[in-house]
Amino acid sequence: MNQFEFNRRVMLQALGGAAAAAGLGILPGSANAAGPLKIWTIGIAKVGAKDWSAMEQQSGIKVSYIAKSARADEAIQKMVVGDGNKLYDALTDNGGGMEDALASQKAIVPLDVSRIPNWKNVLPRYKDGGSAAGTIRHKGKIVSIPYISNADSMAFNYSKIGQELTSWEAMFDSQFKGRAAMQNDFGPTLTNTAIYLQQSGKQDIKDPSNMTPAEVKGVCQFLIEQKKKGQFRTFWDGFQNAVNLLTSEEVLVSSCWEPIQVIARRKSGKDIRYGTMKEGHQAWNNMWMLTRGGKARGQEAAFYKLMDLYLNPWFGARTLGGLGFTPQMTGVMEYVKANPKDFPAAKVKEIELRLKRKAERAAVKGNAWQNVFPKHIRAYQDWWSRVQAA
Amino acid sequence: MPAPPSFFERVFGETWLGRAAMRLPLAFMVAFFLIPLALTYVWSVFERTQFWMKPGFTLFSYVNFFTSARLENFLWSMGHSAVSVVIAFILGFPIAVFVRRRVPQVAQHRVILLFLLPFMVSEIIRVFALRPVLQRNGLVNTVLMDLGITSQPITSILYTPTGVIIGEVMSFLPFMVFAGFLAMEALPKYVFEICEDLGAGRIRTFVDVILPLAAPGIFAGSVFIFVNGLGIALLPNILGGPGAVNAGLIATQAITALDFPLAMAVSAIMMTTLLGLLYIGHRLFDLTKILSPIT
């Protein structure tokens, strides 16, 4: 391409782009000109009010909320082979690896984070070279914005047990025989068990997030042995199910998501705690993505405005104080302390403690990232069915 | 004697609308049963791709099903469902007989309606409600311990196959009552009077007269219960022990792993089982008799 061609082509593209942008309403200041931002997400993505009004007020855009299940397979199917791009402008993921799957199929588009003023607040681990940098990028390009994260651990009934539990050993300890539960999902259950077996030196596992068939076999054989000994009361499935197991004291130890522990503690009034396991945890983050269809419909500006809110300590403080998810930006404690009207002293203390525990959990060396589609998923599936049959 | 005119013939007469209406049930069967069934079989031999499946012919999913622990899980869930059918028959069919024989004719349908009322409540709520009753600190254990019958809570009720069977019986008992009642309704009351006149005892009347005549209805109710026990995933999920599954859950878990051909193969195996059962039932009991009065 010569200089003339370059200039002409670039100018035409720029003019065409500007015309299209004006037509679609994506010029600065025209957020929501293409109608409300159609978001396909889960209820926990909002804070501040029972509906999305507080989020709309803070972000300055209108949203149209479409409820989404917590199943990664459903989301991927809808976006890759279904009509997700026609229906939704933006969506949240359901676990590690989903953004790669969607970006590889061009269901979502790369993002320009320079259009998000609060990107400067994002946790350093997401910046280039950071420990979580790969979780929001596909082929080096940022394709998603993190909004919550956590390291899944073990909840335990401190009122009954009377001591702090700091190892996955408790999950397989005979003193909790018949009073232990894990999730009825091969992903988190095999990953957390693999972390325990790897870090305690019981099995040689290279990467608990992406095991070889032989490693999967070893982990499942261990679980089968435990199951046959009667260690597990059940494998839970669903939020309420898991909460009920803890509040009814059917189980005293349970691997679960942190909000389950928060709600079980609140509901039962018992001292149900969420431990920091010395071996490590399955770490995950949830993210927002802009769909190819959303971009084509001129919803970029609105999307970036919403993302700006998700990286604002206003959101971080509330998601941490509410369901206990880890915020993805710096400056949360400063914000909490500067707003005593919204966060009274007792709440500040609770948030501070929660954040401290989270920092401890995140710092454990053996943590492994969640991977919803490991390379040898067939081995995971087949061996999990053997655990179920045992 | 010519056959009496059907409902559609009476309403629409011999018009094109009447003829079209006659074909409605057939169209319904094709659209909502035969086509989905055929697609299930076709997709079950497709090849798995990363996120979906592509046309091809492979029996991999079937081989995987029959050579993995999934077969064992499937057979176990068939076993649980069969036990549930037997218990539902023992509990439900006598109710149907009682209503038909002892409740005044005008009140019979109302009484049967009472058994169907629980169906108005969401299944998940009905199943979840069993937990506070059966769990460690639940109603059953509290009563047993308060009465001094047991000193420790019984933990073998919930999160065990027993829990799943209790859930299945509680959920599907009305199927047996309703189907049994329909079968009994087709039985003229004079049959019982003849039995009494001939001096047949209750057991003999039940075994030699009622049971054979009501067999198509009992079989229909049994198939409903058996198929639901195999397919409804929330029962083993909420009431079963670690890793409790049924065929529905095996298929759901295959979908979760984006293994659509395997999910289709599980569904195809389930449908084949059901069709096989219906065929055997029809050969043995002539299922068309369910809705025809016995003369």
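Numbers below:
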read-out	value
For chain B, built as a Gaussian network whose Cα springs stay under 10 Å, the top-fluctuating residue of B:270, B:29, B:145	B:29
Residues with amide H under 5 Å from that of residue A:38, placed H, sequence gap 5 or more	A:64, A:89, A:90
Compactness of chain A, expressed as Rg and Dmax over alpha-carbon positions, Å	22.6, 79
The stretch A:208-277, relative contact order [Cα under 8 Å, separation at least 6], %	20 percent
Spin-label pair residue A:120/residue A:44, simplified geometry with 7 Å Cα→Cβ offset, distance in nm	3.1 nm
Net charge of neighbours whose Cβ lies under 13 Å from the Cβ of residue A:207, counting Lys and Arg as +1 and Asp and Glu as -1	0
Descending semi-axes in Å of the protein assembly as shown, equivalent ellipsoid built from Cα gyration tensor	52, 35, 25
Exercise: per-residue mean of other protein chain Cβ atoms within 10 Å, B:132-138	3
Highest-fluctuation residue, A:232, A:325, A:315 considered, GNM on chain A with Cα pairs under 10 Å	A:232
Scaled radius of gyration (Cα, divided by 2.2 N^0.38 Å) that the stretch B:157-209 gives	1.70
In nm, spacing of pseudo-spin labels at residue B:279 and residue A:203 (7 Å Cα→C-beta vector)	4.3 nm
Candidates B:113, B:147, B:230, ranked by Gaussian network fluctuation over chain B, Cα under 10 Å, top entry	B:147
Residue-count net charge about residue B:105 - beta-carbon cut-off 12 Å; Lys, Arg +1, Asp, Glu -1	+4
Separation of alpha-carbon centers, the stretch B:128-171 and the stretch B:48-93, rounded to whole Å	28 Å
Flagged links, alpha-carbon separation over 27 Å, of A:177/A:270; A:62/A:86; A:120/A:206; A:38/A:267; A:202/A:365	A:120/A:206; A:38/A:267
Inter-site label distance for residue A:338 and residue A:74 at 7 Å from Cα along Cβ, in nm	3.9 nm
Only Lys, Arg (+1) and Asp, Glu (-1) charged, at Cβ; chain A dipole about Cα centre in debye	260 debye
Using a Förster distance of 41 Å, the FRET efficiency for residue B:208-residue A:267 (Cβ separation, nearest 0.05)	0.15
For the stretch B:84-200, convex hull of alpha carbons as volume per residue, Å³	146 Å³
Loss of accessible area when A meets B, both sides summed, Å² nearest 100, probe 1.4 Å	3100 Å²
Inter-chain shielding of A:241-247 (mean C-beta neighbours from other protein chains, 10 Å cut-off)	2
Potential lengthening between residue A:292 and residue A:363 on full extension [0.36 nm per residue; Cα-Cα distance subtracted]	22.0 nm
Segment residue B:49-residue B:98, length gained on full extension (0.36 nm per residue, minus Cα span)	12.0 nm
Per-residue average of Cβ from other chains inside 10 Å of A:229-235	5
Formal net charge of residues neighbouring residue A:278 (Cβ-Cβ distance under 13 Å; K, R +1; D, E -1)	-2
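The values are calculated or read from the model by the stated rules, or taken from the named source; none is laboratory data. Keep in mind that this is a model prediction, so the values were computed, not measured. Glycine also receives a Cβ, built like all others from the backbone with ideal geometry; neighbour counts cover every protein chain displayed. Accessible surface is based on the protein model in full, side chains and every heavy atom, while ligands, DNA and RNA are left aside. Shrake-Rupley method; radii C 1.70, N 1.55, O 1.52, S 1.80 Å.
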